[in-house]
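The values are calculated or read from the model by the stated rules, or taken from the named source; none is laboratory data. Nothing here was measured: the structure is a model prediction, and the numbers come from that model. With ideal geometry, Cβ positions are generated from the backbone for all residues, glycine too; neighbour counts draw on all protein chains shown.
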Amino acid sequence: MKISRRVASQRSDVAPFEAMETMREAAALEAAGRDIAHLEVGQPGEPAPKAALEAVRSALRDPLGYTVALGLAPLREGVADLYRARHGLVIDPSRIVATTGSSAGFQLAFIAAFNPGARIAMAEPGYPSYRQIASALGLTPVGLPVGPENRWTPTAAMLDAAAAEAPIDGVLIASPANPTGVAATRSELAALTGWCATNGAWFISDEIYHGLTYDEPAASALEFDNDAIIVSSFSKYFAMTGWRIGWMVLPEPLLRPIERLAQNLFICPPHVSQIAALAALSAEAALELEARREVYAANRDYLMRMLPELKLGGAAPCDGAFYLYFQLPDGAPNSKEWCAKLLHEAGVATTPGLDFDPRRGERTARISFAGSPEEVRKGAERIAAWAAKQDY
Ligand SMILES: Cc1ncc(COP(=O)(O)O)c(C=O)c1O
């Protein structure tokens, strides 16, 4: 008998993205007539800013063909202006690359910066797709366990310990982070970028939650390391998740490799989304987006006050982003089961901690408060009523 080689590759054997799996299950329940409160995905409840929608309406008269692979020049200039306004940094727009969401940015950065087998250090808990993209590309994710004892942020000492086992080729940090919302302080960022410079490792900074901080604005890694690889997006602050548009700021040696990769892998980011993104950078859009940040802040404060009623504790500080990452009560089932029961019994979609932390995430879960205050209140009230009936 012939042996079949028609099987999926080993490298495609990555874990699912649990938040997206929950979203699919919630959609199936909704299709069957259930009302679900969506606290699972980090997706703003409001649409893209009005200026972006207007710009797209006018652009629909044009052919909207391919653009050059690195994106429209005015968009790249607009992103450079954003770094000047937010961080006082002067960046040549030629170093800025538009991407199909930050998700495409990670693929481009990982392929351009690392050879197969390279080790990339990242916080655990952290955004799950870092691990899965890295392993699908033949790279090795190295989890650095963070918690309240280190303010949920990796330290240079942890990198020393990881490098003692085998060299670390890159360090990837999100600040503010998903799922904790914790923003690295300036001195923490300086220490981590400094470690990378000393050890010849790339520093990749996921700045997707910039603009969404509730106390101090987040610092950019570029303020400390001009060769840091910045990956960012219009998905969160600009409320444009489904438009699939983001950007990178690149060090000179990666520019041409990434241009060649982008041409071949994606041709270009969606033209219509580039037009929308440029308008989302306008002063008019900024007024609208700042008002939304205040709504997220109020959602966060409301949930923090509600935590005892929800029977949840140990929440990470949440300096920014729109998530609460918390401990499940003693005696509660593991996080996958807890989230599944909550979804089916109470109609609230949340994300199990195992998505973010494969080693310790059985006792944690994440709530997203990116939705409207009504959605967040509906979800919290349902969790409180359900939690009151549990015998733990
Ligand atoms: C930390 C972080 N990085 C990247 C992404 C991917 O975002 P996108 O591809 O929409 O830019 C997300 C999405 O939730 C995220 O939380």
The range 126-142, residues that are polar (S, T, N, Q) and away from the ligand (no atom under 16 Å from the Cβ): Ser135, Thr140
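For the range 276-333, name all the residues that are aromatic (Phe, Trp, Tyr) and in a helix (DSSP H, G or I).
Start the filter on the range 276-333 by keeping residues that are aromatic (Phe, Trp, Tyr), which leaves 296, 302, 322-323, 325-326.
Hits for the range 276-333 are Tyr296, Tyr302.
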Residue within the range 171-186 that is more than 20 Å from the chain's Cα centre (by Cα) and farther than 21 Å from Tyr214 by Cβ present: no
In the range 1-48, the residues that are assigned to a loop (DSSP other than H, G, I, E, B), surrounded by fewer than 18 Cβ atoms within 10 Å (Cβ to Cβ) and touching a Leu at 6+ places or on another chain (Cβ under 8 Å): Pro47
Count of the range 198-231 residues which are within 14 Å of the ligand (Cβ to nearest atom) and at pLDDT below 95: 0
Subset of the range 256-271 [buried (at least 16 other Cβ atoms within 10 Å of the Cβ) and in a helix (DSSP H, G or I)]: Ile258, Glu259, Leu261, Ala262, His271
Every residue from the range 90-112 that is away from the ligand (no atom under 12 Å from the Cβ), in contact with a strand residue (DSSP E or B) (Cβ under 9 Å, 6 or more places away or on another chain) and part of a loop (DSSP other than H, G, I, E, B): Ile91
Check on Leu303, over 19 Å from Gln43 (Cβ atoms), at pLDDT 95 or above and under 22 Å from the mean Cα position of the chain (by Cα): no
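Can you find a residue in the range 56-71 that is in a helix (DSSP H, G or I), within 26 Å of the chain's Cα centre (by Cα) and not assigned by TED's automatic domain parsing to the domain that holds Thr350?
Yes, there is a match, as at least one residue in the range 56-71 is in a helix (DSSP H, G or I), within 26 Å of the chain's Cα centre (by Cα) and not assigned by TED's automatic domain parsing to the domain that holds Thr350.
The rows are residues; the columns are (1) hydroxyl-bearing (Ser, Thr, Tyr); (2) touching a strand residue (DSSP E or B) at 6+ places or on another chain (Cβ under 8 Å); (3) within 15 Å of the ligand (Cβ to nearest atom).
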{"position": "Lys236", "(1), (2), (3)": "no, no, yes"}
{"position": "Thr241", "(1), (2), (3)": "yes, no, yes"}
{"position": "Arg256", "(1), (2), (3)": "no, no, no"}
{"position": "Asn264", "(1), (2), (3)": "no, no, no"}
{"position": "Ala280", "(1), (2), (3)": "no, no, yes"}
Conditions (1) closer than 28 Å to Gly371 by Cα; (2) within 15 Å of the ligand (Cβ to nearest atom); number of the one not met by Gly71: (1)
Residue ID - nearest to Ala380 (Cα to Cα), chosen from residues in the range 343-369 that are surrounded by 24 or more Cβ atoms within 10 Å (Cβ to Cβ) and acidic (Asp, Glu): Asp355
Cross-chain or 6+ apart pairs with Cβ under 8 Å, the range 136-151 first and part of a loop (DSSP other than H, G, I, E, B), then loosely packed, with under 15 Cβ neighbours inside 10 Å: Leu137/Arg11; Leu137/Pro116; Gly138/Arg11; Gly138/Pro116; Gly138/Gly117; Leu139/Pro116; Leu139/Gly117
Residue list for the range 99-130, restricted to those being surrounded by fewer than 21 Cβ atoms within 10 Å (Cβ to Cβ), farther than 26 Å from Met240 by Cβ and among the small types (Gly, Ala, Ser): Gly117, Ala118
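Please verify whether the range 377-392 includes one or more residues that are hydroxyl-bearing (Ser, Thr, Tyr) and part of a helix (DSSP H, G or I).
no
Any residue at all in the range 41-57 that's closer than 30 Å to Trp386 by Cα and of a type in the set (Gly, Ala, Ser)? If you could, list the steps in order and put the result at the bottom.
Pass one, the range 41-57, residues closer than 30 Å to Trp386 by Cα: 41-46.
Those left that are additionally of a type in the set (Gly, Ala, Ser): 42, 45.
Within the range 41-57, one or more residues are closer than 30 Å to Trp386 by Cα and of a type in the set (Gly, Ala, Ser).
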Considering residues of the range 49-91 that are free of Cβ contacts under 8 Å to residues at least 40 places away in the same chain and among the acidic types (Asp, Glu) only, the residue surrounded by the most Cβ atoms within 10 Å (Cβ to Cβ): Glu77
Counted residues, the range 63-89 - those being within 21 Å of Arg260 (Cβ to Cβ) and basic (Lys, Arg): 1
Residues being over 14 Å from Gly347 (Cβ atoms) and either acidic (Asp, Glu) or over 18 Å from the mean Cα position of the chain (by Cα) (or both) - total across the range 15-30: 3
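Mind listing just one residue for me: the one in the range 319-355 that is of a type in the set (A, V, I, L, M, F, W, C) and touching a helix residue (DSSP H, G or I) at 6+ places or on another chain (Cβ under 6 Å) and, of those, farthest from Pro128 (Cα to Cα)? So that I can check it myself, show each step before the final result.
Looking only at the range 319-355, we keep the residues that are of a type in the set (A, V, I, L, M, F, W, C), and these are 321-322, 324, 326, 328, 332, 338-340, 342-343, 346, 348-349, 354.
In the following step, the residues that additionally are touching a helix residue (DSSP H, G or I) at 6+ places or on another chain (Cβ under 6 Å) were identified as 322, 324, 328, 332, 346, 348-349, 354.
Numbers: Phe322: 16, Leu324: 16, Leu328: 20, Ala332: 23, Ala346: 26, Val348: 21, Ala349: 18, Leu354: 9 Å.
My answer is Ala346.
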